[in-house]
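Undergrad: First the structure, which I've put down as structure tokens, then a few questions once you've had a look.
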Amino acid sequence: MKVLTILLLFLTFESLIFGASKKPNVLLVSIDDLNDWVGCMGGHPQAKTPNIDRVAKMGTLFNNSHCQSPVCNPSRASMMTGRYPHTSGVYFLSPDLKEAPVLKNLKTMPEVFADYGYKTMAAGKIFHRGDKRFFQEYLPTGGFGPKPKKKISQPHGHPLWDWGIFPDDDNLMPDMKCAKWAVDQLSQKHDKPFFMGVGFYRPHVPMFATKKWFDMHPRDQIKLPAVRKDDLKDLSQYAIDLTNLNHVSPTHKWVTEAGQWEHAVQSYLASVTFADHCLGLVLDALEKSEHADNTIIALFSDHGFHLGEKERWAKRSLWEDGTRVPIIVSAPDHKAGQKTNRPAELLDVFPTLLELAGLPKDETQEGQSLVPLMKNPKKEWNHPAITSFGLGNYSIRSTHYRFIQYFEGSRELYDLRDDPHEWNNLIKDPKMKQFIKKHAAFIPEKQHPILPGNSTGHNAYAASKENIKR
């Protein structure tokens, strides 16, 4: 504690002598539930994301980046504290990170930056909930936004599960309010370096956007994701149950029989393009501001999203569609327009920002700084991305392979170079034994028990385990 106090005094003294501009600002941008349907990531041929692509041209795109959990709360709690879900026990939508004994006394990312003299502020969704607790200044923007009096496309089910054209004015959308707040903040002078969080809610359900964004993705021209009818034949029943039981999303059967598949894909693409437009407003303001040459940008999403792939919808899977997310980092004095296919994790963002800002490394964090890959995108990298969904369920993603091991012992292995859709489970191929062994070695030996909760994830996990006994 004495060492930290002395360091803080030194940093304060340094700021008084050299000025706050010596430290770079940080702009942290979150886009909720965004999978790889991004132009520069190639996840869907009709994705229109000129501004996310613009950030990629400004810095380094981590093209093989993955979440620590395919669910909002554990993913964001992990990223913002630097701890894996299997370390904290926060595997599902509950409990809150401050209710987890391992996490409740840890400083989160904005709190650490505040300790080192940063002004911290945010709008929208950076944490899963309670952002006001972690930022010095916080603007709530209206959550998932206005909803029509009657659901548009899915008449039954969870209130958030809907899609279509709504409302008729972009200014009614929380993401537009968030963008305008950021534009205003970037136009101002700040007496300290700032750490600014900008958290967009789209394309999270309800997948609503105004008509002009839908017009950019005509429904009769929509290309559907590739789905193979026999895709699930080489999976265990446990793997199928874990991703499908007790979920609030519609079934793939209902979506297809209701004639809503094209419409839902259109709505997701339109929502992504709208969120990208809001990002563009923020980028324009940054470029026009006095902060342009001294600001780190880190863009991320919390997890992937299925839109029919493997006959399922939404998150909560350990496959590529459920875990792959954009991570893009741009920083002063670092090369632009780079891409690396080395695996990266959301857990890596925290140590990366500390290093880029010239702040001390936290040896207790479980992620890796990605700065070495920003210097050399082809650097040897023995740090696969580890994703979990409940105790005993893990995905290990390396540069070319995905290995999955489930609670009841079933396994999957995919070579993403030849099988980008993960249709061919290679786990029984005798030629793959060495690869299986290499990846399985990263399954954590110590796994925190699941903390109590009553989320859909808790219920699905329990139901899947129960089915094993039958």
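None of the figures in this text is laboratory data; all of them are computed from the coordinates on show. Remember, predicted model here, so these are calculated numbers, not experimental data. As a convention, Cβ positions derive from the backbone with ideal geometry for all residues, glycine included, and neighbour counts pool all protein chains shown.
Undergrad: Counting other beta carbons within 10 Å of each residue's own, what order do H306, H448 fall into, fewest first?
TA: By the 10 Å Cβ count, ascending: H448, H306.
Undergrad: I would also like to ask the following. Among the listed pairs K48/K378; K22/K189; K125/K335, give every one whose C-alpha distance is greater than 20 Å.
TA: K48/K378; K125/K335
Undergrad: Now for a different question. K339: which aspartates and glutamates have alpha carbons under 15 Å from its alpha carbon, excluding same-chain residues fewer than 8 sequence positions away?
TA: Candidates past the 8-residue exclusion: D36, D53, E380.
Undergrad: Oh, and also: Listed here are the pairs K98/K465; K104/K428; K288/K375; K132/K212; K149/K180; which of them are more than 31 Å apart at the Cα?
TA: Long pairs (Cα-Cα over 31 Å): K104/K428; K132/K212.
Undergrad: Please turn the phi angles of segment 439-449 into ³J(HN,Hα) values with the Karplus equation 6.51 cos²θ - 1.76 cosθ + 1.60 (θ = phi - 60°), one per residue in order, whole Hz, x for glycine and proline.
TA: Listing the rounded values in order: 6, 4, 5, 8, 5, x, 6, 9, 10, 5, x Hz.
Undergrad: Still on this structure: 7 Å from Cα along Cα→Cβ at both L172 and E363: what's the point-to-point distance in nm?
TA: If labels sit at L172 and E363, their model points lie 5.6 nm apart.
Undergrad: Around W254, with a cut-off of 15 angstrom between Cβ atoms, what is the net charge of the other residues, counting Lys and Arg +1 and Asp and Glu -1?
TA: -1
Undergrad: Also: Write down the percent of antiparallel bridges among all DSSP beta bridges whose residues are both part of the chain, to the nearest 5.
TA: 45 percent
Undergrad: Once R0 is set to 35 Å, what does the formula 1/(1 + (r/R0)^6) return for the Cβ-Cβ distance between D333 and K438, expressed as a FRET efficiency to the nearest 0.05?
TA: Calculated value: 0.45.
Undergrad: Gain in length, D115 to R133, computed as 0.36 nm per residue apart minus the alpha-carbon separation, to one decimal in nm?
TA: The span from D115 to R133 would gain 5.0 nm if fully extended.
Undergrad: Search the structure for amide H atoms under 5 Å from the amide H of L359, placed 1.01 Å from N in the peptide plane, and list their residues when 5 or more places away or on another chain.
TA: Distant-sequence amide H within range of L359: zero hits.
Undergrad: If amide H atoms are built 1.01 Å from N in the plane of the peptide, which residues on other chains or at least 5 residues away come under 5 Å of the amide H of H306?
TA: Amide H neighbours of H306: A314, K315.
Undergrad: Amide H to amide H, which residues 5 or more places from V26 or on other chains are under 5 Å from it, using H placed in the peptide plane?
TA: Long-range HN contacts for V26: F194, F195, M196, I296.
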